[in-house]
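Structure first, commentary second.
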Amino acid sequence: MSIQDRVTNGVRGLQPYQPGKPVEELERELGISGIIKLASNENPKGASPLVAGALKTALSDLARYPDGSGFSLKSKLARFLGIRPNQITLGNGSNDVLEIITRCFAGPGQGVVISEHAFAVYYLAAKSVDAHIAIAPARQYGHDLKAMREAIGSDTKLVFIANPNNPTGTHLTSAQLLAFLEDIPKDTLVVLDEAYVEYAADLDHEDGLTFLDRFPNLIVTRTFSKAYGIAALRVGYAVASEDVTDILNRVRQPFNVNALALVAAEAALEDQHFVAQSVLENKNGLERLIVACTEMGIESIPSAANFICVRVGPHAQKVYDAMLRMGVIVRPVANYGLPEHLRITIGTPQENERLIETLRSALLECRVN
Ligand SMILES: *Cc1c(COP(=O)(O)O)cnc(C)c1O
């Protein structure tokens, strides 16, 4: 039997996650500099200056293992969120947490429900444990909770909901979520991924944490990779009932969040002014891009996040390639079932202007050819 035959059923069908193209890679390929990347929904402002200060101090103690329980960060988070520390599971990015949850609650042949056009990691995590994946059709590019409810069967263990969703930017209201939680079986776990919750705060969006007391089957995940601007360091977390948290922590690797990441996240959490400023600048940038797209005659999906999904047409891959040659990296989303769209992260005001000019030129080029 070959090594290829030994691979488990779930892993056999997997394709690696496709991240946004790194700036360094495009630099190498094209031999140009001044490239901008608006492809991974990172914070264009970087992180709070408090983060660099905290990291500098922590650099003097790299020989020691981190605090495996993350006591200090969890205490701060609990206070900030109005929950108890033993409701928190820390992760090496929220991707880590999503995988831990899947391993704890879904196994071969068991049901996992996700939406069409949803964040790719849910599928990858579920597939890797050989779960049976039901994909509910989207409605106007967003999660259709009615269709997701219908996709839940007697074997369904887990449901993933991203709010706002990536790559579409679509958003569900609190009322919709609440109705869904009330309607589904009490023993079906719901993962509510709130990676972009900070950006949606002024919409009709009561955050998922407020539902936790009423729904012990709910797990809310958050990240420091987006509005907090420390994607490089990989910190995310889940908030759930104490019982669920106890289960998740059995599977979590002892030191899954490194020492630099722990102190950086604490510092980032302290600077809520930075987060608020990031959210405000994002809103302005998003509006600017929407206006520009309308001028160019391009539809965009209404976004509640720090990116926008725009419909450039059947030649989307060509437009993407043309933009790359002009030094602007965005994200094709054909692998999300959106072959005519590109996903663009909101940048700084200067980056947004460059993006708009580049998109305009790329569209012209692709329409001429
Ligand atoms: C970016 C993102 C995450 C966060 O990933 P990290 O591992 O925390 O960096 C989670 N969910 C969605 C929907 C995302 O877009």
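The values are calculated or read from the model by the stated rules, or taken from the named source; none is laboratory data. Please read all numbers here as calculations on a predicted model, not as lab measurements. Please note: Cβ atoms are built from the backbone with ideal geometry, for glycine as well, and neighbour counts cover all protein chains shown. The area values use the complete protein model at the heavy-atom level, side chains included, leaving out ligands, DNA and RNA. Shrake-Rupley method; radii C 1.70, N 1.55, O 1.52, S 1.80 Å.
In table form, for the structure just shown:
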{"item": "Residue match in region 139-153 (condition: within 16 Å of the ligand (Cβ to nearest atom), aromatic (F, W, Y), open to solvent by less than 50 Å² (accessible area, probe 1.4 Å) and in contact (Cβ under 8 Å) with a residue 40 or more places away in the chain)", "result": "no"}
{"item": "Residue under evaluation E99, criteria (1) in a loop (DSSP other than H, G, I, E, B); (2) open to solvent by 30 Å² or more (accessible area, probe 1.4 Å), criterion not met", "result": "(1)"}
{"item": "Exclusive hit being among the polar types (S, T, N, Q) and either within 17 Å of I101 (Cβ to Cβ) or surrounded by 18 or more Cβ atoms within 10 Å (Cβ to Cβ) (or both), set T168, T210", "result": "T168"}
{"item": "Conditions (1) under 30 Å from T156 (Cβ atoms); (2) of a type in the set (D, E, K, R); (3) out of contact with any helix residue (DSSP H, G or I) (no Cβ under 7 Å at 6 or more places or on another chain); number of the one not met by E242", "result": "(3)"}
{"item": "Residue match in region 144-153 (condition: under 24 Å from E42 (Cα atoms) and not polar (S, T, N, Q))", "result": "no"}
{"item": "So L338, is it of a type in the set (A, V, I, L, M) and not in a loop (DSSP other than H, G, I, E, B)", "result": "no"}
{"item": "Some residue of region 224-238 being of a type in the set (K, R), buried (at least 17 other Cβ atoms within 10 Å of the Cβ) and closer than 26 Å to N352 by Cβ", "result": "yes"}
{"item": "Residues satisfying the stated conditions in region 14-52, i.e. surrounded by 12 or more Cβ atoms within 10 Å (Cβ to Cβ), small (G, A, S) and in contact (Cβ under 8 Å) with a residue 24 or more places away in the chain", "result": "G20, A39, S40, G46, A47, S48"}
{"item": "Residue count for region 178-205, restricted to those that are of a type in the set (D, E, K, R) and surrounded by 14 or more Cβ atoms within 10 Å (Cβ to Cβ)", "result": "3"}
{"item": "Residue that is most open to solvent (accessible area, probe 1.4 Å) [pool: residues in region 67-87 that are closer than 19 Å to N258 by Cβ and charged (D, E, K, R)]", "result": "D67"}
{"item": "Residue list for region 245-275, restricted to those being β-branched (V, I, T) and either part of a helix (DSSP H, G or I) or more than 19 Å from the chain's Cα centre (by Cα) (or both)", "result": "T245, I247, V251, V263, V275"}
{"item": "Complete set of residues in region 126-138 that are open to solvent by less than 20 Å² (accessible area, probe 1.4 Å) and either part of a loop (DSSP other than H, G, I, E, B) or hydroxyl-bearing (S, T, Y) (or both)", "result": "A131"}
{"item": "Index of the failed condition, Y123 passing every other in (1) outside any loop (DSSP other than H, G, I, E, B); (2) within 16 Å of the ligand (Cβ to nearest atom); (3) in contact (Cβ under 8 Å) with a residue 24 or more places away in the chain; (4) not small (G, A, S)", "result": "(3)"}
{"item": "Verdict on R250 being among the basic types (K, R), assigned by TED's automatic domain parsing to the domain that holds E99 and either surrounded by fewer than 17 Cβ atoms within 10 Å (Cβ to Cβ) or away from the ligand (no atom under 16 Å from the Cβ) (or both)", "result": "yes"}
{"item": "Filter pass, S278 being crowded, with 18+ Cβ neighbours inside 10 Å, at pLDDT 95 or above and not in a loop (DSSP other than H, G, I, E, B)", "result": "yes"}
{"item": "So R64, is it exposed (fewer than 11 other Cβ atoms within 10 Å of the Cβ) and either more than 16 Å from the ligand (Cβ to nearest atom) or not assigned by TED's automatic domain parsing to the domain that holds I161 (or both)", "result": "yes"}
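Yes/no matrix, rows are residues, columns are (1) part of a loop (DSSP other than H, G, I, E, B); (2) touching a residue at least 24 places away in the same chain (Cβ under 8 Å):
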| site | (1), (2) |
| --- | --- |
| A195 | yes, yes |
| L203 | yes, yes |
| R214 | yes, yes |
| R222 | no, yes |
| Y228 | yes, yes |
| A232 | no, no |
| D243 | no, yes |
